[in-house]
Amino acid sequence: MNNLHAVCLAILSCCVLSACGNRSSSTTSVNQIQTKEVKIKKPSIVAKLKENSQLPVKERIALYHQLKEENLELYDFGNETELTLYGYSFLWENNLIDAIAIFELVISEFPNSANAYDSMGEAYLQVKDSIKSLQYYEKSLLMNPDNFYAEDVIQKIKFPTIKPLTAKEKFSKVYDKKDYLADLDQLGQKLLDVHPQALKFITKEQFWKNLESKKSLITEKTTYGEFAWHCNAIIASIGCSHTASSTMQNDYHEFSILPLENSFPLQVRWVNKQLFVVNAMNNSDKVKVKDQILSINGIETAKLISDISEHIVAQANIQTYKNHHFNAYFAALIPYALGLPKIFEIVVKENNGSIKLHKAKEMATELYNPSINSCSNDLCLEILEGKTAVLTISSFNYYEWNNYPVFKSFLDSSMKVIENKKIENLIIDVRYNRGGSQHPSIYLLQYLMDKSFTYYSKTESAGKTDKTYGEEIFYPLVNRFKGKVYFIIDGNGNSTTGHFMSLVKAHKLGTIIGEELGSNQFCTAGQTLCRLNHTKLVISVANNTHISSAIKLPNEIGILPDFFVTQSIDDYLKKVDAVKNYTLKLIRK
């Protein structure tokens with residue numbers, strides 16, 4: 001499964017990045033998107049095989065070899081991934097005979113591919129032929145020692161009664177100190193080897209200095225949870241929002257594996273460099289809402305938040321994103337930063353002495369600010385009085401191979417309503433937008449641009465041969481919006497949102513209101529999974545680079561608003577959307 005797993009992860013990584021993949025648009029109307037250059041690609045040999053699905057699998061394979069011998073230049077025979085997925089289509093349907101036959105073809109065509117043997121191993125595992133499955137998985141692992149999925153399956157076949165520990169079960173486990181140190185060295189080397197921009201925001205000397213400082217904190221009593229927390233700081237130091245400890249396959253995530261009794265027992269919020277209680281939870285007899293916390297377990301809150309920020313992954317280490325991440329996962333971040341204490345004592349403003357808190361009875365978290373509630377979905381259109389409309393785009397997670405038509409249909413219908421209502425002022429709200437595909441971002445820009453544009457200035461990924469969608473020239477739509485545009489942004493804006501807003505900024509498409517965006521025109525993404533040898537901690541490392549055409553903007557900061565507006569603690573508690581209200585005041589003026 002490792003090959004398919006890698007494919008799916010690459011696809012998923014595009015959900016949080018802008019432009020993975022080398023796809024060209026096939027779903028968009030010719031009248032709406034025009035390109036100056038069209039590169040003709042060879043038709044896929046897999047498509048030809050699918051056209052002949054009525055033939056037995058042996059005859060389809062014979063057709064493959066015949067066409068390769070007689071029409072090598074006519075079809076694309078070099079796409080291993082596509083041929084592999086063709087085999088998996090049969091495996092998913094439990095058509096094991098056809099799946100094995102296609103995987104045999106993949107192995108014969110790509111004999112040096114560890115993934116090809118991995119796929120065959122999975123097929124025989126599904127057939128329940130553990131002997132053959134083991135042979136293929138061992139071959140795959142021999143060719144690619146980093147294929148930890150194959151390693152796990154081999155262990156499961158050889159030792160079926162031994163079940164590996166989950167990350168949650170490993171939380172308090174103590175590994176040998178030398179194993180921790182070896183894993184930290186491996187982590188550092190993997191980040192530098194895999195990530196194409198690992199030293200973009202940090203020098204090599206400082207990177208290794210940071211790693212050595214974490215190694216000095218390792219003792220004979222260090223637990224897996226504490227070790228993983230140290231790893232977070234090393235990963236965060238390179239300033240890439242797409243590189244992190246993996247939350248997949250039961251692997252480490254500080255929030256998900258922390259025992260309830262270790263969590264911080266108050267719901268708090270970091271607002272304008274102050275920490276406030278916003279829900280007393282089961283400590284209402286100790287504190288009240290809006291109490292300002294000055295220190296926790298003797299550590300001043302400013303110092304504590306600063307320490308926590310060093311462990312939070314953010315593009316270019318943009319602080320606004322780190323602040324939002326803290327406000328979502330404070331219940332786990334505070335305990336880790338304090339060394340996982342058994343009790344919490346706080347000092348609040350205008351209160352003498354420290355307050356010892358009760359242990360938590362439920363895990364506190366807040367993924368979304370309740371004051372921003374005008375749209376319950378990712379995509380919304382709201383018509384307001386005074387010829388004003390609000391278009392909420394809180395996700396670009398719409399892909400041409402999946403659900404892009406949903407986005408396109410929504411945007412087309414919304415723009416039709418805006419046109420019919422004679423809207424003069426359009427507010428585009430991209431708060432909480434963590435990114436996604438470049439396709440919806442480009443399409444939205446075509447409704448806003450008054451001249452041709454190129455989306456990407458540069459895209460780099462391993463094995464890239466064709467242009468990435470976004471590198472060609474795009475043109476405004478005939479029915480583009482011609483009124484005034486206002487953009488609302490926040491620190492959550494990531495990945496593709498950075499690309500989108502960088503072009504908004506560079507082309508002066510409207511007025512920007514809010515706080516520094518959590519990203520900009522520079523983005524690294526994709527995903528290579530690496531597992532540390534001893535602790536088995538899984539790390540996902542970005543492996544490609546995509547830069548928008550707004551190359552004159554600085555890489556070290558997020559996209560900046562024209563009007564800086566943030567929410568006060570009173571606004572938050574009263575559920576007042578201060579940024580949206582400010583935007584409406586600008587329009588009324």
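The values are calculated or read from the model by the stated rules, or taken from the named source; none is laboratory data. Note that the structure is a prediction, hence the values are computed from the model and not measured. A quick note on method: Cβ atoms are made from the backbone with ideal geometry, for glycine too, and the neighbour counts reach across all protein chains shown.
Of note:
- For the range 110-138, the tally of residues that are surrounded by fewer than 17 Cβ atoms within 10 Å (Cβ to Cβ) and acidic (Asp, Glu) stands at 1.
- Looking only at the range 562-572, and only at residues there that are assigned to a helix (DSSP H, G or I) and in contact with a Ser or Thr (Cβ under 8 Å, 6 or more places away or on another chain), the one that is surrounded by the most Cβ atoms within 10 Å (Cβ to Cβ): 572
- Residue 470 vs. criteria closer than 28 Å to residue 80 by Cα and surrounded by 15 or more Cβ atoms within 10 Å (Cβ to Cβ): yes
- Scope the range 514-531; condition buried (at least 23 other Cβ atoms within 10 Å of the Cβ) and at pLDDT 95 or above; matching residues: 514, 515, 517, 518, 519, 520, 521, 522
- Of all residues in the range 421-456, those that are outside any loop (DSSP other than H, G, I, E, B), among the β-branched types (Val, Ile, Thr) and under 19 Å from residue 478 (Cα atoms) total 2.
- So residue 27, is it part of a loop (DSSP other than H, G, I, E, B) and either at pLDDT 95 or above or touching a helix residue (DSSP H, G or I) at 6+ places or on another chain (Cβ under 7 Å) (or both): yes
- Residue within the range 415-428 that is buried (at least 19 other Cβ atoms within 10 Å of the Cβ) and touching a His at 6+ places or on another chain (Cβ under 8 Å) present: no
- At least 3 residues being touching a residue at least 60 places away in the same chain (Cβ under 8 Å) and within 27 Å of the chain's Cα centre (by Cα) is the threshold, and among the strands (runs of 3 or more DSSP E) wholly inside the range 185-301 those reaching it are 267-271.
- Any hit, the range 504-512, residues being in a strand (DSSP E or B), within 29 Å of residue 244 (Cβ to Cβ) and in contact (Cβ under 8 Å) with a residue 24 or more places away in the chain: yes
- Hits in the range 519-544 - residues which are over 16 Å from residue 191 (Cβ atoms), in contact with a strand residue (DSSP E or B) (Cβ under 9 Å, 6 or more places away or on another chain) and not in a strand (DSSP E or B): 520, 521
- Summed over the range 163-180, residues that are touching a residue at least 40 places away in the same chain (Cβ under 8 Å), surrounded by fewer than 16 Cβ atoms within 10 Å (Cβ to Cβ) and assigned to a loop (DSSP other than H, G, I, E, B) total 5.
- Condition check for residue 478: touching a residue at least 24 places away in the same chain (Cβ under 8 Å) and either under 26 Å from the mean Cα position of the chain (by Cα) or not in a strand (DSSP E or B) (or both): yes
- Any hit, the range 438-455, residues being buried (at least 20 other Cβ atoms within 10 Å of the Cβ) and among the charged types (D, E, K, R): no
- Only one of the listed residues (438, 446) is assigned by TED's automatic domain parsing to the domain that holds residue 507 and either at pLDDT below 95 or more than 29 Å from residue 328 (Cβ to Cβ) (or both). That residue is 446.
- Checking residue 381 against (1) surrounded by fewer than 20 Cβ atoms within 10 Å (Cβ to Cβ); (2) at pLDDT 95 or above; (3) in a loop (DSSP other than H, G, I, E, B); (4) not β-branched (Val, Ile, Thr), the condition it does not meet: (3)
- Unmet requirement for residue 575, which otherwise passes all of (1) within 22 Å of residue 326 (Cβ to Cβ); (2) surrounded by fewer than 23 Cβ atoms within 10 Å (Cβ to Cβ); (3) out of contact with any Pro (no Cβ under 7 Å at 6 or more places or on another chain): (3)
- Boolean, residue 418 is within 23 Å of residue 509 (Cα to Cα), in a loop (DSSP other than H, G, I, E, B) and modelled with pLDDT of 95 or more: no
- Meets criteria (among the hydroxyl-bearing types (Ser, Thr, Tyr), over 30 Å from residue 521 (Cβ atoms) and surrounded by fewer than 19 Cβ atoms within 10 Å (Cβ to Cβ)) for residue 263: no
- Scanning the range 413-434 for residues that are closer than 17 Å to residue 377 by Cα and without any contact (Cβ under 8 Å) to a residue 60 or more places away in the chain yields 413, 414.
- Odd one out for residue 62, checked against (1) touching a residue at least 40 places away in the same chain (Cβ under 8 Å); (2) of a type in the set (A, V, I, L, M); (3) surrounded by fewer than 18 Cβ atoms within 10 Å (Cβ to Cβ): (1)
- Residue ID - farthest from the chain's Cα centre (by Cα), chosen from residues in the range 449-466 that are at pLDDT below 95 and of a type in the set (Val, Ile, Thr): 465
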